[in-house]
Amino acid sequence: MSAVDLETELALAQDEDAARTAATHAGATLESSATGIYWLTMRAPDGERYVARIAWTRYPDHAPSVKFAPEVDGPLDQTSAWPLIPGYRAGNYDICQPFTAEGQAVHSEWGTGPEAWPATGNCLLWVVEQLLHDITDRYQGRSG
Amino acid sequence: MVIGVNHSAHQEASMAASEGKGPKPKEQLKVTVTFPISPEGPFHAEKESDTAVGAVRGEAMTFFAIAGDGQHAYYLTHSSRRVDDGVALESVAGNAKAVKFTLVKELIQG
């Protein structure tokens, strides 16, 4: 039985082709291990490989949980799986930015105003492109 | 007696271009800008190849009804990499006749 509702499942099905294409174009891969769970495998400029898990509970209404694992379906509690990028907090296993559920939880003031979760357009593509951009342009190395 | 040939400036430019001399003629490039979280879009335009990326960003922000503010940085990325406003489109496009960007909104965290 799926962990997400039918609306989420249908909305993700509509948006995931564009997100997969964007990932492929950037030399990354986007795969799904269960409905609402995506794994984005990316290469940093230094050749290091990173795997981000993007987990949706209700799409597109709520921001996804974004964490890193050593491999697809891997554990989410290893700091060495995390890249060093401003706002990415390996020690807390979270990304303190408006495009994640963790960031929205830490900053309750983001719930309204310009940092509020948009819930419009292709949110899956947006999150994938944010991660790809961060690993390409803002990357500083691997977390210890 | 001097027998001259009265070429117009335009003719001379055409001749120079056809001989591989002179400035490279401006090309039109098809430009697309996506902003995934917008219900609108994508933004499409045709621009001369020497147009600055910043001009495209500005038009795209207007299209997506985004006003700049002091809390966010807005810029375009191409292949996930940030492209500065001063860069000409032809530098990004290379030999391609079309170029696609993504508009990024970045929170400036203090």
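The values are calculated or read from the model by the stated rules, or taken from the named source; none is laboratory data. From a predicted model like this one, the values you see are computed outputs, not experimental measurements. Every residue, glycine as well, gets a Cβ built from its backbone with ideal geometry; the counts of neighbours run over all protein chains shown.
Brief remarks on what is shown
- Scanning the range B:28-64 for residues that are in contact (Cβ under 8 Å) with a residue 12 or more places away in the chain and within 12 Å of another protein chain (Cβ to nearest Cβ) yields B:Thr34, B:Phe35, B:Pro36, B:Ser38, B:Glu40, B:Gly41, B:Phe64.
- Looking only at the range A:77-90, residues that are touching a residue at least 24 places away in the same chain (Cβ under 8 Å) and more than 9 Å from chain B (Cβ to nearest Cβ) come to 9 in all.
- Counted residues, the range A:11-42 - those being free of Cβ contacts under 8 Å to residues at least 60 places away in the same chain and not small (Gly, Ala, Ser): 12
- Residue in the range A:106-119 that is farther than 19 Å from A:Tyr50 by Cβ, in contact with a strand residue (DSSP E or B) (Cβ under 8 Å, 6 or more places away or on another chain), within 12 Å of chain B (Cβ to nearest Cβ) and of a type in the set (D, E, K, R) present: yes
- Number of the exception - A:Val72 against (1) surrounded by fewer than 21 Cβ atoms within 10 Å (Cβ to Cβ); (2) modelled with pLDDT of 95 or more; (3) farther than 19 Å from A:Ala44 by Cβ; (4) more than 12 Å from chain B (Cβ to nearest Cβ): (3)
- Test: residue in the range B:77-99 that is touching a helix residue (DSSP H, G or I) at 6+ places or on another chain (Cβ under 8 Å) and touching a residue at least 60 places away in the same chain (Cβ under 8 Å): yes
- Only one entry of B:Lys30, B:Lys47 meets the criterion of being under 30 Å from A:Leu12 (Cα atoms), under 13 Å from the mean Cα position of the chain (by Cα), at pLDDT 90 or above and part of a strand (DSSP E or B), and that entry is B:Lys30.
- None of A:Tyr88, A:Tyr93 is on the phi > 0 side of the Ramachandran plot and aromatic (Phe, Trp, Tyr) except A:Tyr93.
- For A:Ile135, the conditions (1) closer than 26 Å to A:Glu9 by Cα; (2) crowded, with 18+ Cβ neighbours inside 10 Å; (3) of a type in the set (A, V, I, L, M); (4) at the interface with chain B (Cβ under 9 Å from one of its Cβ atoms) are fulfilled apart from (1).
- In the range A:86-144, residue modelled with the lowest pLDDT [restricted to those that are of a type in the set (Ser, Thr, Tyr) and not in a helix (DSSP H, G or I)]: A:Thr112
- Qualifying residue in the range A:101-114 (condition: polar (S, T, N, Q) and surrounded by fewer than 18 Cβ atoms within 10 Å (Cβ to Cβ)): yes
- Residue satisfying all of: in the range A:1-57; β-branched (Val, Ile, Thr) and closer than 21 Å to A:Ala81 by Cβ; nearest to the chain's Cα centre (by Cα) among these: A:Ile54
- Those residues of the range A:133-142 which are over 16 Å from A:Gly47 (Cβ atoms) and in contact (Cβ under 8 Å) with a residue 40 or more places away in the chain, in sequence order: A:Asp134, A:Arg138
- One residue alone among A:Glu48, A:Glu16 is more than 13 Å from chain B (Cβ to nearest Cβ) and either more than 27 Å from B:His78 (Cβ to Cβ) or modelled with pLDDT of 95 or more (or both), and that residue is A:Glu48.
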